[in-house]
Structure formats: C-alpha cells, structure tokens
Amino acid sequence: MSDQELMDLAFKAREASYSPYSGYAVGAALLAADGRVFLGCNVENASYSPTCCAERTAFFKAISEGVHSFSRIAIVGGRRGEEPESFFTPCGVCRQVMREFCEDDFEILVTDGKELKKWTLADLLPAGFRL
C-alpha cells in the first residue's frame, strides 16, 4: 500500500471523529505487518480525561483482534469540516503506545493537506520507555 493510499484512509477515518468539545477531528490509518489496515478516530468526552486519540483507537482495535505487528501509521488532524492547515504528530501518550508495539523503524506519516512528511518512531520518541 502506498503512503498516499494510507493517508487517504486516515482522511476517511477522520470523518467519524467525535469531537464536540475541541472541534478538532483526527483520523488514523494503521498498517499491520500482515497488510490489514485498522482505522481510528478521536473520541472525546466531556470530562476530557477519558478521551481517546485516533492513533490509540486504531492500535487498540488491532490489538483487540490479535494483531501486534505494525509497519506504518498515517495521521491527519485539523478543525472539523476543514482541510488540515499544519502537520499533526501524535501526542506523547500515543507515542508511548507505539513504543509498546513497534520497533524504532516504525513509520509515522502526516500531512498538512499539501505535502506528506514521514518520521520513524525513533525520530519522534528517541528515548521512549520500554521494559
């Protein structure tokens, strides 16, 4: 699957975002090593703490189906109903979840709506905690 195809799926996932409080819709498309793709969107809650990011939603969907090996994730975020205006990278909690299940060479794709950028997990979390 190409980077652009994976990013297109992240845009599709973003459409399901439940973000009435921040108005910020995020979608993620997680590519498993076996070729399956798991979509996730952010799901907010009025008390904020139980909110779940799109990236973790995609990971938890995959893990709940027994998939633990991944190669890439595409992430897109921005004001609900608008095109992205900047590159959206995963929060620290999502980066740590990625560290739990992914190697340093796991790829993270983001877009500002015009250009794709790619980092590795090691780039974005150089000293992540791992047991």
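Go through (1) at pLDDT below 95; (2) hydroxyl-bearing (Ser, Thr, Tyr); (3) surrounded by 15 or more Cβ atoms within 10 Å (Cβ to Cβ) one by one and return the number of the condition SER86 breaks.
(3)
From the residues in the stretch 109-124 that are more than 19 Å from GLY92 (Cβ to Cβ) and of a type outside the set (S, T, N, Q), which one is nearest to the chain's Cα centre (by Cα)? Outline the logic, then answer.
Keep residues of the stretch 109-124 that are more than 19 Å from GLY92 (Cβ to Cβ), which gives 111-116, 118.
Applying the additional criterion that residues be of a type outside the set (S, T, N, Q) yields 112-116, 118.
Details: ASP112: 14, GLY113: 16, LYS114: 18, GLU115: 17, LEU116: 14, LYS118: 13 Å.
Out of the qualifying residues, it is LYS118.
Taking the residues in the stretch 24-43 that are within 17 Å of PHE87 (Cα to Cα) and free of Cβ contacts under 8 Å to residues at least 60 places away in the same chain as candidates, determine which candidate is surrounded by the most Cβ atoms within 10 Å (Cβ to Cβ). Explain how you work it out, then say what you get.
Residues of the stretch 24-43 that are within 17 Å of PHE87 (Cα to Cα), as a first pass: 24-29, 41-42.
Filter once more, keeping what is free of Cβ contacts under 8 Å to residues at least 60 places away in the same chain: 24-25, 27-29, 41-42.
On the way: TYR24: 14, ALA25: 24, GLY27: 28, ALA28: 31, ALA29: 27, CYS41: 22, ASN42: 24.
Per the stated criteria, the residue is ALA28.
Quick check on my filter: what residues within the stretch 79-98 are free of Cβ contacts under 8 Å to residues at least 40 places away in the same chain and under 13 Å from the mean Cα position of the chain (by Cα)?
Matches in the stretch 79-98: PHE87, THR89, PRO90, CYS91, GLY92, ARG95, GLN96.
Mind checking whether some residue in the stretch 44-61 is out of contact with any Ser or Thr (no Cβ under 6 Å at 6 or more places or on another chain), small (Gly, Ala, Ser), crowded, with 17+ Cβ neighbours inside 10 Å and outside any strand (DSSP E or B)?
Residues of the stretch 44-61 out of contact with any Ser or Thr (no Cβ under 6 Å at 6 or more places or on another chain): 46-61.
Applying the additional criterion that residues be small (Gly, Ala, Ser) yields 46-47, 49, 54, 58.
The next check asks that each one be crowded, with 17+ Cβ neighbours inside 10 Å; those that pass are 54, 58.
Filter once more, keeping what is outside any strand (DSSP E or B): 54, 58.
Yes, some residue in the stretch 44-61 is out of contact with any Ser or Thr (no Cβ under 6 Å at 6 or more places or on another chain), small (Gly, Ala, Ser), crowded, with 17+ Cβ neighbours inside 10 Å and outside any strand (DSSP E or B).
For the stretch 53-74, check the following and say yes or no: at least one residue is closer than 25 Å to LEU131 by Cβ, of a type in the set (D, E, K, R) and in contact with a Cys (Cβ under 8 Å, 6 or more places away or on another chain). Lay out the reasoning, then the answer.
Let us first name the residues in the stretch 53-74 that are closer than 25 Å to LEU131 by Cβ, namely 53, 55-73.
Narrowing the set further to residues that are of a type in the set (D, E, K, R) leaves 55-56, 61, 65, 72.
Filter again for in contact with a Cys (Cβ under 8 Å, 6 or more places away or on another chain), leaving 55-56.
Among the residues of the stretch 53-74, at least one is closer than 25 Å to LEU131 by Cβ, of a type in the set (D, E, K, R) and in contact with a Cys (Cβ under 8 Å, 6 or more places away or on another chain), which makes the answer yes.
Would you be able to tell me the number of residues in the stretch 49-73 that are under 9 Å from the mean Cα position of the chain (by Cα) and touching a residue at least 40 places away in the same chain (Cβ under 8 Å)? Show your work before the answer.
Of all residues in the stretch 49-73, those under 9 Å from the mean Cα position of the chain (by Cα) come to 53-59, 73.
Going one step further and asking which of them are touching a residue at least 40 places away in the same chain (Cβ under 8 Å), we end up with 53-56, 58-59, 73.
Qualifying residue count for the region: 7.
Across the stretch 102-117, what is the total count of residues that are in contact (Cβ under 8 Å) with a residue 24 or more places away in the chain and surrounded by 13 or more Cβ atoms within 10 Å (Cβ to Cβ)?
Taking the stretch 102-117 first, the residues in contact (Cβ under 8 Å) with a residue 24 or more places away in the chain are 102, 106-113, 116-117.
Now drop any that are not surrounded by 13 or more Cβ atoms within 10 Å (Cβ to Cβ), which leaves 102, 106-113, 116.
Final tally of qualifying residues: 10.
How many residues, within the stretch 71-107, are over 16 Å from PHE11 (Cβ atoms), not in a helix (DSSP H, G or I) and not acidic (Asp, Glu)? If you could, list the steps in order and put the result at the bottom.
Residues of the stretch 71-107 over 16 Å from PHE11 (Cβ atoms): 71, 89-107.
Filter once more, keeping what is not in a helix (DSSP H, G or I): 71, 89-91, 102-107.
Going one step further and asking which of them are not acidic (Asp, Glu), we end up with 71, 89-91, 102, 106.
Residues in the stretch 71-107 being over 16 Å from PHE11 (Cβ atoms), not in a helix (DSSP H, G or I) and not acidic (Asp, Glu): 6 in total.
The values are calculated or read from the model by the stated rules, or taken from the named source; none is laboratory data. No experiment lies behind these values; they were computed from the predicted model shown. Glycine gets a Cβ as well: all are built from the backbone with ideal geometry, and neighbour counts include every protein chain shown.
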